[in-house]
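This report refers to the structure that appears directly beneath it.
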């Protein structure tokens with residue numbers, strides 16, 4: 001009965017949002033903006049969400065969510081344009097798409113490839129939306145059993161796993177970035193005793209570091225510096241023919257679509273890991289299961305379809321931990337968390353009580369955004385690709401102005417800019433030295449949660465760490481954390497290999513004995 | 001990102017900095033009340049405001065040390081020596097004066113000038129025009145020599161502006177004319193644009209690029225600014241000459 005109620009209220013909300021012309025105008029406008037952002041190499045959906053957070057500050061929460069989710073969905077999809085037409089991924093999420101999308105464009109099938117990515121991206125987002133609606137109540141119910149120890153361990157796990165999986169170099173660098181984020185979160189008066197920590201007597205630091213300007217600085221400034229320093233040039237655009245929805249190809253590859261969507265949702269749900277990893281994993285899975293893996297990299301339609309379905313399915317996947325646990329599933333979701341906090345919505349297990357229809361509303365927006373993305377993609381792709389002609393040296397400085405005015409407008413505070421710029425420059429150096437930025441951002445966001453819950457947990461247990469081992473969820477999380485850390489060390493890998501070899505040997509001996 | 005071998009050498013440096021940062025965090029955390037009374041509350045170690053920073057500092061120190069160890073295992077003591085030798089060699093100077101580094105300095109200098117000098121004191125629209133004019137011309141003209149010259153011009157103007165504020169000339173001039181800082185910036189913009197125009201006058205392609213850059217630099221703030229100011233009702237960081245003029249137009253005060 002409850003499921004029917006949820007389905008009923010879901011369609012009710014879809015109709016409510018869809019019936020309002022302002023909502024529709026914002027939805028289509030944001031999707032289009034997202035596609036343009038995604039298509040422009042050097043700009044990402046994270047930056048798009050960050051900049052739009054400032055613009056949506058004065059809107060009501062529902063309209064702001066339409067705006068932000070639409071740009072997220074559009075930005076994730078838009079990256080495929082540059083991948084297919086100029087062989088430069090518009091966003092990291094579309095990097096895997098370039099491998100087969102560009103060869104397709106070179107042989108005159110660019111329109112076909114874009115049609116396919118449009119349809120598969122819409123399907124990916126829609127499937128992920130189904131997961132948001134169906135899994136969220138289960139996770140929320142489960143998360144209500146969590147106490148402070150579980151929340152501390154969950155935040156710690158989020159930082160560790162995001163550091164482990166997003167590090168382009170050594171895993172340890174991902175962890176360091178995460179702890180640097182936690183350190184930034186320590187700045188300001190602590191939430192239990194109001195003791196000033198690392199404020200250096202600066203009154204503006206008393207309330208702590210504002211998350212959104214730090215996020216804008218961490219994602220925006222390094223990107224601007226990198227693009228301009230490396231003299232990034234956009235190559236010649238391949239010709240774009242008629243764009244068709246390619247429904248027939250999609251139906252023929254339905255199992256691959258479902259598999260890619262599941263990969264996308266699963267990877268999206270892991271804290272801090274974005275659409276790029278989902279795209280690559282899905283590409284790998286498609287190649288491994290294909291009857292003709294040799295065609296991959298030479299313009300294989302299934303490859304394009306798999307990567308684009310997975311990276312857009314990641315959007316919904318990232319919403320699941322964000323809404324139910326308050327842990328962002330991807331960098332744009334981290335920005336969304338900041339935006340939600342600005343609007344007075346605190347994601348977490350209590351969200352179903354404080355805002356009973358919020359999760360269904362998010363799912364409804366995702367469905368509408370995927371429809372808007374499909375329509376916009378089909379109708380305006382030829383016009384949107386014209387933005388690829390704008391030189392990066394012209395639009396990057398404009399993005400700089402947007403980063404600055406965006407950071408300022410969130411609190412009407414010039415001090416935010418004094419934080420944003422140094423954070424951005426430090427993040428640029430960290431990126432250059434192979435440190436990922438996503439764990440740092442996750443650290444800044446999850447820091448207060450980790451700090452508060454650690455101390456609250458110890459207060460309840462009178463300074464004892466025993467509840468970690470006596471509470472089942474805590475123990476599981478603790479074991480997972482220990483294994484995540486140990487798995488990075490050679491001695492553990494050697495030990496694991498020896499153990500596996502021993503077990504296999506024993507099994508084979510038993511099999512031989514049975515045969516005899 | 002650098003290549004693997006260079007990364008390991010850089011790890012020695014970044015690992016040391018991170019280790020030191022971790023130690024500093026620990027030292028600061030130890031100064032926080034652990035068992036003393038704070039705000040009338042008698043502390044116990046597990047609710048101390050220092051417990052979390054202590055944990056974070058310890059982890060940063062440990063991970064920094066591990067990073068140094070991993071880097072040393074790869075590059076060896078000789079590699080470490082090479083890193084320190086590089087830091088005092090002429091190669092460092094060559095690297096710091098290379099073309100990509102000039103582009104880096106230009107980006108950072110324009111950002112610093114805009115955020116720390118212009119935004120808090122000069123009308124947002126004028127500050128943005130200056131920021132964009134400098135930024136776009138330096139990079140869009142795509143010429144290393146021009147970049148150096150334009151950066152020099154921008155730095156000279158910014159240094160003069162900084163001195164102008166440092167010596168309190170702004171307050172003195174405010175008694176004579178309205179918006180003196182904005183008039184000064186307007187003058188700076190005109191001089192900068194004229195200089196950029198002069199530098200490109202002999203090359204038709206560069207002159208065309210310069211024209212586009214200056215048009216974009218003037219047009220963009222007048223599109224972005226009004227969206228924030230009149231649509232989102234966000235007051236500009238500093239409102240001066242141009243904002244007053246725009247307000248007059250917007251609210252029909254003529």
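Observations, loosely collected:
- In the set (1) at pLDDT 85 or above; (2) surrounded by fewer than 21 Cβ atoms within 10 Å (Cβ to Cβ); (3) under 30 Å from residue B:116 (Cα atoms), residue A:404 fails one condition alone, (2).
- Filter result for residue A:421 (at pLDDT below 90, part of a helix (DSSP H, G or I), crowded, with 19+ Cβ neighbours inside 10 Å and touching a helix residue (DSSP H, G or I) at 6+ places or on another chain (Cβ under 6 Å)): no
- Restricting the range B:70-82 to residues that are modelled with pLDDT of 85 or more and surrounded by 12 or more Cβ atoms within 10 Å (Cβ to Cβ), the residue that is nearest to residue B:10 (Cα to Cα): B:71
- When residue A:193 is tested against (1) touching a strand residue (DSSP E or B) at 6+ places or on another chain (Cβ under 8 Å); (2) at pLDDT 85 or above; (3) within 11 Å of another protein chain (Cβ to nearest Cβ), only condition (2) is not met.
- Extreme residue, nearest to residue A:406 (Cα to Cα), among residues of the range B:242-252 that are surrounded by 13 or more Cβ atoms within 10 Å (Cβ to Cβ) and free of Cβ contacts under 8 Å to residues at least 60 places away in the same chain: B:247
- Residue within the range A:447-460 that is under 30 Å from residue B:107 (Cβ atoms) and within 10 Å of another protein chain (Cβ to nearest Cβ) present: yes
- Take the conditions (1) surrounded by 17 or more Cβ atoms within 10 Å (Cβ to Cβ); (2) under 16 Å from the mean Cα position of the chain (by Cα); (3) more than 8 Å from chain A (Cβ to nearest Cβ); (4) over 22 Å from residue B:215 (Cα atoms); residue B:159 misses just one of them, which is (1).
- Residue check for residue A:177: buried (at least 18 other Cβ atoms within 10 Å of the Cβ), assigned to a helix (DSSP H, G or I) and out of contact with any strand residue (DSSP E or B) (no Cβ under 7 Å at 6 or more places or on another chain): yes
- Flag if residue A:449 is in contact with a helix residue (DSSP H, G or I) (Cβ under 7 Å, 6 or more places away or on another chain), farther than 30 Å from residue A:212 by Cα and at pLDDT below 90: no
- Qualifying residue in the range A:382-390 (condition: more than 14 Å from chain B (Cβ to nearest Cβ), part of a helix (DSSP H, G or I) and closer than 28 Å to residue A:267 by Cα): no
- One residue from A:346, A:431, A:357 being in contact with a helix residue (DSSP H, G or I) (Cβ under 7 Å, 6 or more places away or on another chain) and away from chain B (no Cβ under 14 Å): A:357
- Unique residue being surrounded by fewer than 20 Cβ atoms within 10 Å (Cβ to Cβ), in the same structural domain as residue B:118 (by TED's automatic domain parsing) and modelled with pLDDT under 90 when the list is B:178, B:239: B:178
- For the range B:89-104, the criterion of being within 9 Å of chain A (Cβ to nearest Cβ) and in contact with a strand residue (DSSP E or B) (Cβ under 9 Å, 6 or more places away or on another chain) is met by no residue.
- Those residues of the range B:200-226 which are in contact with a helix residue (DSSP H, G or I) (Cβ under 6 Å, 6 or more places away or on another chain), more than 16 Å from residue B:125 (Cα to Cα) and part of a helix (DSSP H, G or I), in sequence order: B:209, B:210, B:213
- Residue within the range B:34-44 that is in a helix (DSSP H, G or I) and in contact (Cβ under 8 Å) with a residue 12 or more places away in the chain present: no
- Taken over the range A:289-339, the residue count meeting the criterion of being crowded, with 24+ Cβ neighbours inside 10 Å and out of contact with any helix residue (DSSP H, G or I) (no Cβ under 8 Å at 6 or more places or on another chain) is 0.
The values are calculated or read from the model by the stated rules, or taken from the named source; none is laboratory data. Everything numeric in this text was worked out from a predicted model, so none of it was measured. Quick reminder, even Gly has a Cβ in these numbers, built from the backbone with ideal geometry, and neighbours come from all protein chains shown.
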